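S.K.: My questions all concern the structure below.
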Amino acid sequence: MVVDLRHKDFPQEASAAPIESLDNQQSVVLTVEKLALSLGGKEILQQVGFSLPASGVTSVIGPSGAGKSSLLRCLNGLETGWSGSVQIDGSDIRQWRGGWDQLRRHVGLIAQKPLVFDASIRANVCFGLHGWRQRRRADELVKTSLQQAALWDEVCERLDAPATTLSVGQQQRLCIARAIAIKPKILLLDEPTASLDPRSKQLIEQSMLQLAQAIPLVCVTHDLEQAQRLKGQVIFMCDGRVIEQAASHQLFNQPQQIETREFLRWNVCDCD
């Protein structure tokens, strides 16, 4: 059931309540502590801290300019000028074996605007495959990846067609297939359904929920109803800080922070 965010009367708990996370018994795959980032003399992220369970979807919500996209770029090494600690399975990503390029194979990132290469659908999916063992299994990997991205049935008869002939929604699902073909351990998605038609949005959400059964997904979204449909946990950010982290049903029905309540009620936030 989707909560009516416009008229809900939230309880008035004190705003000093601690940030909550999911069940402590769940295994944690990623831990962020005191993450800070400044760009051009402006603080983008301030003392960000949270954890990810080993599977499921974590939705990151908050107003524009809250630092959500910058956070994803830090987690997969596209931004490297940050301070603090980011650990995956207890390993510091700054010390990742093979450097940032290998980290980005481990932590995939899907951008808001799909970027397909001027090549066939098949070649796009195979782009990140290395080694003769993987190339020998390319046909199997292409089919499996496209199935997981909910695109196989639409393109299985034209795998050698240019990827640029696909619709925007299909291109976004192709980007997801390309990312999962190299079997990342964590997948980050930055507003993956923005500006897509309802059918494409539904297919991508279904694909995300399927993938999240095996690996953790982090999805930045401005669609609060989408964050509820994806379930899992939700992180609310504002002004470069994590304000609240909780299970989806808890955050949307009983937010602990006054900033969260105001954002859910009015879709605006003033955390200064």
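The values are calculated or read from the model by the stated rules, or taken from the named source; none is laboratory data. Note that the structure is a prediction, hence the values are computed from the model and not measured. Here the Cβ is made from the backbone with ideal geometry for all residues, glycine too, and neighbour counts use every protein chain on show.
S.K.: It is to be established whether one or more residues within the range 47-67 are in contact (Cβ under 8 Å) with a residue 12 or more places away in the chain, part of a helix (DSSP H, G or I) and closer than 26 Å to residue 29 by Cβ.
M.R.: no
S.K.: While we're looking at this one, here's another question. Just name the residue that is surrounded by the most Cβ atoms within 10 Å (Cβ to Cβ) out of those in the range 222-272 that are of a type in the set (S, T, N, Q) and part of a strand (DSSP E or B). Full working, then the answer.
M.R.: To start, the set of residues in the range 222-272 that are of a type in the set (S, T, N, Q) comprises 226, 228, 233, 245, 248, 250, 253-254, 256-257, 260, 267.
Next, only the ones that are part of a strand (DSSP E or B) stay: 233, 245.
Working: 233: 29, 245: 21.
Ranking the qualifying residues of the range 222-272, first place goes to 233.
S.K.: Among the numbered criteria (1) more than 25 Å from residue 152 (Cβ to Cβ); (2) part of a strand (DSSP E or B); (3) of a type outside the set (Val, Ile, Thr), which one does residue 219 miss?
M.R.: Here residue 219 clears every test but (1).
S.K.: Only one of these conditions is not met by residue 211: (1) surrounded by fewer than 23 Cβ atoms within 10 Å (Cβ to Cβ); (2) at positive phi. Which number is it?
M.R.: All conditions are met except number (2).
S.K.: Residue by residue through the range 100-124, note down the ones that are in a helix (DSSP H, G or I) and touching a residue at least 60 places away in the same chain (Cβ under 8 Å). Steps first, please.
M.R.: Step one: of the range 100-124, the residues in a helix (DSSP H, G or I) are 100-106, 121-124.
105, 106 - these are the residues of the range 100-124 that are in a helix (DSSP H, G or I) and touching a residue at least 60 places away in the same chain (Cβ under 8 Å).
S.K.: Of (1) in a helix (DSSP H, G or I); (2) touching a His at 6+ places or on another chain (Cβ under 9 Å), residue 179 satisfies all except one. Which?
M.R.: Condition not satisfied by residue 179: (2).
S.K.: Just checking, how many residues over the range 94-113 are of a type in the set (Phe, Trp, Tyr) and buried (at least 16 other Cβ atoms within 10 Å of the Cβ)?
M.R.: Looking only at that region, the number is 1.
S.K.: Report whether or not residue 202 is closer than 24 Å to residue 146 by Cα, at pLDDT 95 or above and assigned to a helix (DSSP H, G or I). Even if it seems obvious, please write down each step before you answer.
M.R.: Working: closer than 24 Å to residue 146 by Cα: yes; at pLDDT 95 or above: yes; assigned to a helix (DSSP H, G or I): yes.
Criteria met by residue 202.
S.K.: Conditions first: (1) farther than 30 Å from residue 154 by Cα; (2) modelled with pLDDT of 95 or more. Residue 268 passes all but one, so which condition is the exception?
M.R.: All conditions are met except number (2).
S.K.: Next question. Can you tell me which residues in the range 138-166 are over 17 Å from residue 118 (Cα atoms), among the small types (Gly, Ala, Ser) and either assigned to a helix (DSSP H, G or I) or without any contact (Cβ under 8 Å) to a residue 40 or more places away in the chain (or both)?
M.R.: The answer is 138, 145.
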